[in-house]
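Working notes, structure below.
The values are calculated or read from the model by the stated rules, or taken from the named source; none is laboratory data. Just so it is clear, the structure is predicted and the values come from calculations on it, not from any experiment. Cβ placement follows ideal geometry from the backbone for every residue including glycine, while neighbour counts extend to all protein chains displayed. Note: accessible area is taken over every heavy atom of the protein model, side chains too, but ligands, DNA and RNA are not part of it. Shrake-Rupley method; radii C 1.70, N 1.55, O 1.52, S 1.80 Å.
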Amino acid sequence: MTESGTSTPPLPHAVRIAGTGSYLPERIMTNQDLERLVETSDEWITSRTGIRERRIAREDEFTSHMASEAARAALAQAGITGSDIDLIIVATITPDTLTPATACYVQQQIGALKAVAFDVSAACSGFLYAMELARHSVGAGAFRNALIIGAEKLSAFVDWSDRNTCVLFGDGAGAAVLVPSTNGGGRILSSQLGTDGAQAELLNIPGGGSACPVGALGAAGTAEKSATLTMQGREVFKHAVNAMRKAAAEGIAAAGLTIQDIDLLIPHQANLRIIDAIVERLDFSREDVFINLDKYGNTSAAAVAIALDEAHREGRIQRGDRILLVAFGAGLTWASAVIEW
Ligand code: ACO
């Protein structure tokens, strides 16, 4: 893995999370439902991944709709409305349209009419990439606040006849509002981002972009050039464990802490075996790890955001707690953030 990454230069203002929110579509697809679609079993999926069910968006429910629902919940918790928001960053690999950005639709839907809005594409690490961009923007004083959202409709980009991938993913959205930290309140202590483009082929959606426009795919596409998600699972697994362990360790060190100072670990929700491998390598307590992938599967950029909101609303995060967020995804990308709540 090539060395690339960022550490944290000091900012004029510390930044904290003032509110979180999430949204999951109503429809539940269980492992038993998948047994009727492809040659698989509940036993295989559960033992290899820990996933039991996932949520699937309605046909007329797009990534922006889920993003806006999550945003409304985060805004309500922060005690502000869309019209107060200066900056919106949506992290997604499943935008409503190639252009404009999904963030533009969200801006309209939540009435954030004076906000600057754009998307970031960093797959499962996207929410933490958005958090770091927003932290710098707000911390430098360029924007008064920021709404960051991870949102995905992966069901629209999954090949439902490919058992290697279709059992893994789900739909949903999570959001957070970032504001300057005043009166000694909580703050984001550190953040680490990294990318290894040499591994871009391990996990991608090859068709539908300028390299292979939709019109050139034909009715069904081909195995090499489909507009659906393809993945070399075993390779991705190995990289995921190494990159997340490293990002977590570097994030904790950059915050001036040790692993014993962390109260709750919120990892990317891709696979329970990946999480267990990281927890073991970090020598961290399994009880202090937040896991919801059994209910939602891998929702890519939304996963860490949804987990953060659920952990917060369930009372797993108390004022003063130190939270470690860590993610990994296509790119390859990886990221961590340490937050004092
Ligand atoms: N049901 C039954 N059998 C299956 C299924 C299924 N759903 N899928 C694969 N198999 C079979 C394979 O065909 C293979 O059979 P074979 O030995 O006869 O060829 C066998 O099971 C083993 O397959 P492996 O790929 O070796 O299984 P593995 O233990 O590696 O688990 C998995 C596969 C779950 C995909 C794992 O590799 C993984 O989690 N990888 C990481 C994925 C990830 O973290 N992605 C994150 C990024 S996602 C993003 O950025 C959008």
(message) Could you go through the stretch 252-262 and let me know if any residue there is open to solvent by less than 50 Å² (accessible area, probe 1.4 Å), within 16 Å of the ligand (Cβ to nearest atom), at pLDDT 95 or above and not charged (D, E, K, R).
(response) no
(request) Please give the number of the condition Ser226 fails out of (1) without any contact (Cβ under 8 Å) to a residue 40 or more places away in the chain; (2) part of a loop (DSSP other than H, G, I, E, B); (3) touching a Pro at 6+ places or on another chain (Cβ under 9 Å). (result) (1)
(request) Would you point out which residue out of Glu201, Glu132 is among the acidic types (Asp, Glu), out of contact with any Lys or Arg (no Cβ under 9 Å at 6 or more places or on another chain) and within 16 Å of the ligand (Cβ to nearest atom)? (result) Glu201
(message) Here are the criteria: (1) under 19 Å from Ser121 (Cβ atoms); (2) surrounded by fewer than 18 Cβ atoms within 10 Å (Cβ to Cβ). Tell me which single one Arg316 does not satisfy.
(response) (1)
(message) Residue under question is Ile278, and the condition is that it be open to solvent by less than 70 Å² (accessible area, probe 1.4 Å) and free of Cβ contacts under 8 Å to residues at least 40 places away in the same chain; does it hold?
(response) no
(request) Taking the options Ala176, Ala140, Ala146, name whichever one is within 19 Å of the chain's Cα centre (by Cα) and either over 14 Å from Ala305 (Cα atoms) or among the aromatic types (Phe, Trp, Tyr) (or both). (result) Ala146
(message) Can you report the number of residues in the stretch 159-184 which are within 16 Å of the ligand (Cβ to nearest atom) and either closer than 23 Å to Lys114 by Cβ or open to solvent by 10 Å² or more (accessible area, probe 1.4 Å) (or both)?
(response) 9
(request) Take Asp283 and decide whether it is open to solvent by 20 Å² or more (accessible area, probe 1.4 Å), out of contact with any strand residue (DSSP E or B) (no Cβ under 7 Å at 6 or more places or on another chain), away from the ligand (no atom under 11 Å from the Cβ) and at pLDDT 95 or above. (result) no
(message) Given the criteria touching a residue at least 24 places away in the same chain (Cβ under 8 Å), of a type in the set (Lys, Arg) and closer than 30 Å to Glu53 by Cα, does Arg273 qualify?
(response) yes
(request) Please enumerate the residues belonging to the stretch 285-341 that are farther than 19 Å from Gly251 by Cα and hydroxyl-bearing (Ser, Thr, Tyr). (result) Tyr296, Thr299, Ser300
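Conditions tested, residue by residue: (1) hydroxyl-bearing (Ser, Thr, Tyr); (2) buried (at least 19 other Cβ atoms within 10 Å of the Cβ); (3) outside the structural domain of Val167 (by TED's automatic domain parsing).
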{"residue": "Arg52", "(1), (2), (3)": "no, no, no"}
{"residue": "Arg55", "(1), (2), (3)": "no, yes, no"}
{"residue": "Thr92", "(1), (2), (3)": "yes, yes, no"}
{"residue": "Leu113", "(1), (2), (3)": "no, no, no"}
{"residue": "Phe118", "(1), (2), (3)": "no, no, no"}
{"residue": "Gly126", "(1), (2), (3)": "no, yes, no"}
(message) Checking the conditions here, which among Arg36, Arg54, Arg48 is of a type in the set (Lys, Arg), without any contact (Cβ under 8 Å) to a residue 12 or more places away in the chain and within 16 Å of the ligand (Cβ to nearest atom)?
(response) Arg36
(message) One residue is enough: does the stretch 24-37 have a residue meeting the conditions open to solvent by less than 80 Å² (accessible area, probe 1.4 Å) and under 24 Å from Ser191 (Cβ atoms)?
(response) no
(request) Could you figure out which of (1) within 16 Å of the ligand (Cβ to nearest atom); (2) of a type in the set (Asp, Glu); (3) modelled with pLDDT of 95 or more isn't true of Glu235? (result) (3)
(request) Scan the stretch 57-76 residue by residue and report those that are within 20 Å of the chain's Cα centre (by Cα), under 23 Å from Lys114 (Cβ atoms) and open to solvent by 60 Å² or more (accessible area, probe 1.4 Å). (result) His65, Glu69, Arg72
(request) Kindly establish whether Ala74 is more than 26 Å from Thr46 (Cβ to Cβ), in contact with a Gly (Cβ under 6 Å, 6 or more places away or on another chain) and modelled with pLDDT of 95 or more. (result) yes
